[in-house]
Amino acid sequence: MVSFLSITTSPFQIFLFQDFVSGGDCGGCDSEAVQVNRVSKKILASVLLLLVFSFLVSNVSAATVGQQTGLAAAFPAKELDVVEKTAQIDKASIVLINSMVTGTAVMPSFQLVPGGGAAGSDTGIVGTWQSTEETLTFLANGQFSSVGSSSGTITGTYSVQGNVLTVNYVVPRQFTVDFTFSISGDTLQISHPQVGTLTYTRVGASSAAASGDIVEAAKNLVVEKEEGAGAKVLSEDLTTGVGGTGFIVSPDGYIVTNAHVVLAGQDPEEMLVNALFDEFANSLYGEAAQYYNIKPEDKDAVTKILLEKFIDYFYQYGQITDVTTNYYVLNGVASPGEDLKVKSWVAVVKKEGTVFEKIGSEYSWGRDVAVLKVDKTNLPTVKLGDSDAVQAGEKVFIIGYPDTGASELFKPESMLEPTVTQGIISARRTLKNGLETLQTDAAINHGNSGGPVFNEKGEVIGIATFGAGPAEGIEAIKFAMPINLAKEYLNELNVKNEVTALDTEYSDALEAFWSKDCYAAVPKLKEVLVSYPGHPYAQDYVNTCEQAIQSGEIPKPLDLGVTGLIVFVIIVVAALAFYFFKKKEGGFSLSSVSPKQSAPAAKKGKFCENCGARLKPGEKYCDGCGKKLS
């Protein structure tokens, strides 16, 4: 920016000014007209140069606008209402929260054996086997029975060690016999020196598979621990968790959300076990498909059967180790491919309520509120209102990060832009535990949990929490925890909700932006970025303004320097015009312009001594001033 002072004291300006005052060297100045003409030319040259210089300064200022880095903000086509303004101002204070549980599942390697297991596996031999003469049944609890056409019914117990099957007969008499055995598919072979080798077929497996009843066949598959040289220990790294919304209530990093968003009341180890089961479900199905041609309509049933078998196997042989729970807070949008975990802030839980409470023999939704803390300063905040003053029928709106249910259709970074839903407070409802909630028809979806519910003043009066329905004849309804409940937790932590200078500066900047007053908005936005360099949206508005200025959409205002220059030029031109006017009337002398080179002094008898006007021969009074001539 060039000031008026710097313009009027530049070298060429000083030279022109001095030349004008002194009158320069006119080579004898043989006539007043010549002198006036030369002076006027210099004045006009100065004016022209000043105007050209002013034009160049203006264009240089426009050409030095900052580089564009992408636009996420746009000038409004109409005056914004409170919902639109609050959404733009406060979305910098609304965060995405990810509660993540990690750990490692450890278990012995296993195999899925069709129709039973290999020799040496008591789980593999479990089941019913049949030959032409006898039916054998081995139960998982170690009980054994045999029904033969000639021997009748025999019962007892059994055990397996390697490929040795030990049978302890009880009925009809007690004795013990060791057999060797092997299993191949649906076939069991039992050998003894006295009886030779007997062959049996599993009842149910082959017949089910042959008849096409794959679901029944799956029931006879066994998840079996591997033995021998091929056995190993499996280790699987696991990650699970939930996402939700929160909002910053103090500039030093306190954030309010729901207790269920921070996994209150959940067992992290159990969450990892369930994640493991989900992960292995498809692999178990794939392995079963190697043995049987499973129809698509049978996939879910077969997978469920196999998963139940794997769950029993894991609880018997496996364990979860190195369990950790971490909380990550993302403030604002992310770039394509950006590592959200790296960009996020690590948070700690300072206070949490309960998701459910038992009241007698029944359960009620609990005080579902939590307070997180991040190690940050100068953060933007929302303003908290009074939920006790909320009445049914009041308009409200909710900002948050819901799961759309169709994320595969959108770019990942666009899913990190908070959304706005609107509605009214339908009623105030009291839970069985005595806690009052706010019922609303505004949409609250998965991911919205923990988000702020605003009133028409732009104050947070509730926390989006849970929904009910839909059921037959009943539409889905949503509920919010009252913000005064969160205030109780904040008071216990000595946390004060405050609107800071940063919030005010940002709000003022956006007001100027919405009015397309970019020359007022940009300096304020840059001040915001100085106070909080990580502000997720301020730079977008700066970029929009700078592009608009550069393209000429926003005209450059007159600054004081250029305005002063124009005033100076007008004064000079006016003085020149006044001079020419007076000269034409014959009542203005060049001596009034330049003290160093004045007009020739009036001579007695030829010029009036009073005004210097030329006198005519014989005149008694001067035509110029009317003075009586002597």
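Quick rundown of the values:
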item	result
Euclidean distance of C-alpha centroids, segment 347-407 and segment 233-301, integer Å	23 Å
Environment charge of THR321, counting only residues whose C-beta is closer than 14 Å and scoring Lys/Arg +1, Asp/Glu -1	-4
Probe 1.4 Å, all protein chains present, accessible-area order of ASP322, ASP540, largest first	ASP322, ASP540
Accessible surface of PHE75 - all protein chains present, 1.4 Å probe, nearest 10 Å²	40 Å²
Cβ-defined net charge surrounding GLU492, 15 Å radius [Lys, Arg +1; Asp, Glu -1]	+4
Segment 480-541 - Rg over Rh from alpha carbon coordinates, Kirkwood radius	1.16
Accessible area (Å², per residue) of segment 146-281, counting only protein heavy atoms and a probe of 1.4 Å	48 Å²
5 angstrom amide H check on LEU615, placed H, neighbours 5+ away	PHE607, CYS608
Karplus-derived HN-Hα couplings along segment 354-363 (A = 6.51, B = -1.76, C = 1.60, θ = phi - 60°), whole Hz, x at Gly and Pro	10, 7, 10, 10, 8, 10, x, 9, 10, 10
For segment 427-526: span of alpha carbons on each principal axis (Å, largest first)	57, 37, 22
Accessible area in the full protein assembly, largest first, 1.4 Å probe, for GLU505, GLU546	GLU505, GLU546
Chain lengthening between LYS526 and THR324 when straightened (0.36 nm per residue, less Cα-Cα)	68.7 nm
Rounded FRET efficiency, nearest 0.05, which uses the C-beta distance separating GLU436 from LYS78 and R0 of 35 Å	0.40
In Hz, Karplus ³J(HN,Hα) per residue of segment 83-99 (6.51, -1.76, 1.60; θ = phi - 60°; x = Gly, Pro)	5, 5, 5, 5, 4, 6, 6, 8, 5, 6, 9, 9, 10, 9, 10, 10, 9
Hull volume in cubic angstrom per residue (convex hull over the Cα atoms of segment 137-266)	232 Å³
Segments 257-263, 324-330, 521-527 sorted - mean Cβ within 10 Å per residue, highest first	257-263, 521-527, 324-330
Sequence-distant residues sharing a close amide H with LYS627 (under 5 Å, placed H)	CYS622
Table column - 3J(HN,Hα) (Hz), segment 525-532, Karplus curve with 6.51, -1.76, 1.60, x for Gly and Pro	5, 5, 5, 4, 5, 5, 5, 9
Summed side-chain charge close to LEU234 - residues other than LEU234 whose Cβ falls under 13 Å, Lys, Arg +1, Asp, Glu -1	-2
Extension reserve of the ILE359-TYR315 stretch, reckoned as 0.36 nm per residue once the Cα distance is removed	12.6 nm
Amide H within-cut-off set for LEU384, under 5 Å, with H built and near neighbours excluded	VAL460
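The values are calculated or read from the model by the stated rules, or taken from the named source; none is laboratory data. Just so it is clear, the model here is predicted, and its values are computed rather than measured. Positions of Cβ are backbone-derived with ideal geometry, glycine not excepted, and every protein chain shown enters the neighbour counts. Remember, those area values only see protein heavy atoms, side chains included, never the ligands or the DNA or RNA. Shrake-Rupley method; radii C 1.70, N 1.55, O 1.52, S 1.80 Å.
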